[in-house]
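The values are calculated or read from the model by the stated rules, or taken from the named source; none is laboratory data. Owing to the predicted nature of the structure, the values given are computational and were not obtained by experimental measurement. No Cβ is skipped: glycine too gets one built from the backbone with ideal geometry, and neighbour counts run over all protein chains shown. Please note that ligands, DNA and RNA were not included when accessible areas were found on the heavy atoms of the full protein model with its side chains. Shrake-Rupley method; radii C 1.70, N 1.55, O 1.52, S 1.80 Å.
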Amino acid sequence: MRIGVVGAGYVGLTSAVCLAERGHATVCVDVDAQRVRTLTAGEAPIDEPGLPQLLASTLRDGTLRFSGRFEDLAECEVVFVCVPTPSRPDGSADITAVDAAVGQLNRTLHPGAVVVMKSTVPVGTTRMVIDRLHGTGISAVSNPEFLRESHAIYDFRHPDRILIGAADDRAADVLQTVYGVGDTEVLRMSPESAELAKYASNAFLAVKISYANSLAQLCSRVGADVADVARCMGADVRIGKHFLQPGPGWGGSCLPKDTAALLDTGRRNGVELAEVASARDTNLGQADRIVAALSQSMAGPLATARIAAFGLTFKAGTCDVRDSPALFISDRLASLGAQVSGYDPRLAMIDQDTLRRSSIGAVDDAYLAAKAADAIVVFTEWPEFRDLDWFRIAGQAPAAVVLDTRNLLDPTEIRHAGLRYLGNGKVPGF
Ligand code: UDX
């Protein structure tokens, strides 16, 4: 089929290369001319496993091309809208980019074309788009994405479910043909249900992680081990074993923004959604937890401490620092007087403007970051932190306490090297 994608960000680019891989003639449009040039040259602007290879092969095969012009989408039968919907200060989702894209598509597409809302949009947005396109012969459906950064191509190829929110069966059938779904469960429902289902899913994940973080705090106080508690909970299929890992808090481009937008929708409709609000409070409170743990465990005051932040990205496998707890918590530590030196294996690829705005002095060497540190905080679960020479680190920072928010390191090895180790929800821990 002839497919269009609007927006060459994480979701749009992953979708475009995967659709082109399936043989669809795919055109991906982005308003950023530099990004279009970079992509046309075969360079992946984001760090996603498998993306450079797929970009190269689909460009070579001629199934994928990039453009800055909406007119190049004119002949497309299906166009995916994958533009950002950032948070406004009040938590609501800003759909300006979606509006602009739909306006362009309204002028460009032929009758019979299907506009697919892949961006995460507030309930009612797809219905508004359907109304706006009324009389043009162009349909609109909701088809939220569930792609995880660093697993996006895998998730596109092997989705748990395909969600189609449509007011019109023909449009839903066309979209289903694009996916060629095989054994994957296809969930068809109204656009409103599909839009809410996306927010509900991400908010549930956030609630689950915040619960794990609260339990971890309790574990360390009562002498329990959070890994054992989570192992038991996860063995119950009704609970499931995923998203029960304690950490520094959840971050990234989706969970913070989607929980805020869901609460905003609740507020506008007189529904409190206290569970989601509480999950956000717990997440915000992670900084206080870490500040308290450091204050209690370090020999000197936090105000004069040197702290090494190991891992700056919001999770491992990505160079993304959007809403990263590592940055947020480091800023808090710096505001209390600590000097924070940060290291990340992907430092060179991290957005430098965001780093400059933070209070972290970033260095491209873990040993340098840890030099003379009073504490080393492991924020991101990069496996390579396990392979560091912890004896060398202990030699350079003999008084350091290691606060492992991800329970990534081997406590025995760290203690053997001569350093104090505190796990998250462990004994001893925090
Ligand atoms: C998420 C959703 O998983 C995906 O379906 C959605 O469409 C986009 O948002 P992503 O933002 O890439 O994906 O990150 P994810 O892997 O879900 O992790 C979110 C945050 O939770 C990260 O900060 C991660 O470190 C944290 N996390 C996750 C935990 O702290 N513990 C866990 O057990 C799992």
Exercise. Enumerate the strands (runs of 3 or more DSSP E) found wholly within region 138-222, keeping only those where 1 or more residues are within 23 Å of ALA279 (Cα to Cα).
Key: none
Quiz prompt | Candidate set from region 285-314 (those that are open to solvent by less than 40 Å² (accessible area, probe 1.4 Å) and part of a loop (DSSP other than H, G, I, E, B)); member that is farthest from the ligand (Cβ to nearest atom) | solution = GLY300
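Tell me whether region 242-249 contains one or more residues that are in a loop (DSSP other than H, G, I, E, B), small (Gly, Ala, Ser) and free of Cβ contacts under 8 Å to residues at least 60 places away in the same chain. Working first, answer last.
Taking region 242-249 and keeping what is in a loop (DSSP other than H, G, I, E, B), we get 242-249.
Retained after the next criterion (residues that are small (Gly, Ala, Ser)): 247, 249.
Add one more test, that the residue is free of Cβ contacts under 8 Å to residues at least 60 places away in the same chain, and what stays is none.
Within region 242-249, not a single residue is in a loop (DSSP other than H, G, I, E, B), small (Gly, Ala, Ser) and free of Cβ contacts under 8 Å to residues at least 60 places away in the same chain.
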Exercise. Looking for whichever is of a type outside the set (Lys, Arg), farther than 24 Å from ALA348 by Cβ and part of a helix (DSSP H, G or I) here; the options are ALA56, ALA16. Which one fits?
Key: ALA16
Self-check item: Tabulated pairs, region 254-281, first more than 24 Å from PHE146 (Cβ to Cβ), second more than 15 Å from the ligand (Cβ to nearest atom), C-beta under 7 angstrom, 6+ apart or interchain
Solution: GLU272/GLY266
Quiz item: Which residues, counting only those in region 10-32, are open to solvent by less than 10 Å² (accessible area, probe 1.4 Å) and in contact with a helix residue (DSSP H, G or I) (Cβ under 9 Å, 6 or more places away or on another chain)?
Solution: LEU13, THR14, SER15, ALA16, VAL17, CYS18, LEU19, ALA20, THR26, CYS28, VAL29
Quiz item: Which residue pairs have Cβ atoms under 6 Å apart, sit 6 or more places apart or on different chains, and have a first residue in region 133-151 that is in the same structural domain as TRP250 (by TED's automatic domain parsing) and among the small types (Gly, Ala, Ser) and a second that is assigned to a loop (DSSP other than H, G, I, E, B) and open to solvent by 20 Å² or more (accessible area, probe 1.4 Å)?
Solution: none
Practice problem: Select from region 412-430 the residues that are free of Cβ contacts under 8 Å to residues at least 60 places away in the same chain and open to solvent by 40 Å² or more (accessible area, probe 1.4 Å) and list them in ascending order. | Solution: THR412, GLU413, ARG415, HIS416, GLY418
Self-check item: Residue in region 228-270 that is nearest to the ligand (Cβ to nearest atom), counting only those that are surrounded by fewer than 16 Cβ atoms within 10 Å (Cβ to Cβ) and under 30 Å from ALA93 (Cβ atoms)
Solution: HIS242
Quiz prompt | Sole exception among (1) in contact with a strand residue (DSSP E or B) (Cβ under 6 Å, 6 or more places away or on another chain); (2) farther than 22 Å from ILE290 by Cα for ASP364, by number | solution = (1)
Exercise. Could you give me the residue pairs with C-beta distances under 6 Å whose first residue belongs to region 306-334 and is closer than 15 Å to VAL363 by Cβ and assigned by TED's automatic domain parsing to the domain that holds SER253, whose second residue is open to solvent by 30 Å² or more (accessible area, probe 1.4 Å) and among the polar types (S, T, N, Q) wherever it lies, and which are 6+ apart or on separate chains?
Key: ARG306/GLN339
Quiz item: Would you pick out the residues in region 187-206 that are more than 10 Å from the ligand (Cβ to nearest atom), of a type in the set (A, V, I, L, M, F, W, C) and surrounded by 20 or more Cβ atoms within 10 Å (Cβ to Cβ)?
Solution: ALA194, LEU196, ALA203
Quiz item: Of all residues in region 146-186 being polar (S, T, N, Q) and under 22 Å from ILE130 (Cα atoms), which is nearest to the ligand (Cβ to nearest atom)?
Solution: GLN176
Exercise. Please tell me if ARG60 is open to solvent by 30 Å² or more (accessible area, probe 1.4 Å), more than 22 Å from THR120 (Cβ to Cβ) and of a type in the set (Lys, Arg).
Key: yes
Self-check item: Residues within region 106-145 that are open to solvent by less than 20 Å² (accessible area, probe 1.4 Å) and within 16 Å of the ligand (Cβ to nearest atom), tallied
Solution: 10
Quiz item: How many residues, within region 387-406, are out of contact with any helix residue (DSSP H, G or I) (no Cβ under 7 Å at 6 or more places or on another chain) and open to solvent by 30 Å² or more (accessible area, probe 1.4 Å)?
Solution: 7
